[in-house]
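Beneath this line is the structure, given in structure tokens, with notes to follow.
The values are calculated or read from the model by the stated rules, or taken from the named source; none is laboratory data. As the structure is a prediction and not an experimental result, all values here were calculated from the model. Every residue, glycine as well, gets a Cβ built from its backbone with ideal geometry; the counts of neighbours run over all protein chains shown. Quick note on the areas: whole protein, heavy atoms, side chains included, nothing else; ligands and nucleic acids left out. Shrake-Rupley method; radii C 1.70, N 1.55, O 1.52, S 1.80 Å.
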Amino acid sequence: MKIIVTSVMVDDQEKARNFYTEKLGFRVKSDIPVGEYNWLTVVSPEEEHSVELLLEPMAFGPARVYQKELFDANIPATMFGVDDIQETYDKLLELGVKFKGEPVKMGNVTIAIFEDTCGNLIQIAEQH
């Protein structure tokens, strides 16, 4: 068994598409109309046949509460791995991404948390 799709709830799929592709550099893998919304997934350009991230519309009321509670508690919705966190942090800052603070070393990992403009906090991590 392996993970093939994971999701992050978003308040606006088009805004999410723009952020995750233009700011973070992911590529759209699937964009299939399904009623009012789309099955919209993105993948890492480095691993296009790996795990897909579903930019899932916030169509279920309790999901809004859950997303807001995570955000308000400063808990990231998900985490992405990076090879060089300082380089990634600097690049994303230049692109206007809003971070909660500078990268912080915690044992054998350095992390930083940013807002995805769609209601989520996302953590990036470099393992040492």
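The figures follow:
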read-out	value
Answer residue from segment 75-110, given it is surrounded by 13 or more Cβ atoms within 10 Å (Cβ to Cβ) and among the polar types (S, T, N, Q) and is farthest from residue 124 (Cα to Cα) among those	86
From 22, 36, residue being under 13 Å from the mean Cα position of the chain (by Cα), exposed (fewer than 13 other Cβ atoms within 10 Å of the Cβ) and of a type in the set (D, E, K, R)	22
Pair list, Cβ < 6 Å and 6+ apart or interchain, from segment 20-38 residues that are under 13 Å from residue 56 (Cα atoms) to residues that are of a type in the set (Asp, Glu) and open to solvent by less than 90 Å² (accessible area, probe 1.4 Å)	38/31
Pick from segment 55-74, criterion surrounded by 14 or more Cβ atoms within 10 Å (Cβ to Cβ) and touching a Phe, Trp or Tyr at 6+ places or on another chain (Cβ under 7 Å), ranking: farthest from residue 23 (Cα to Cα)	57
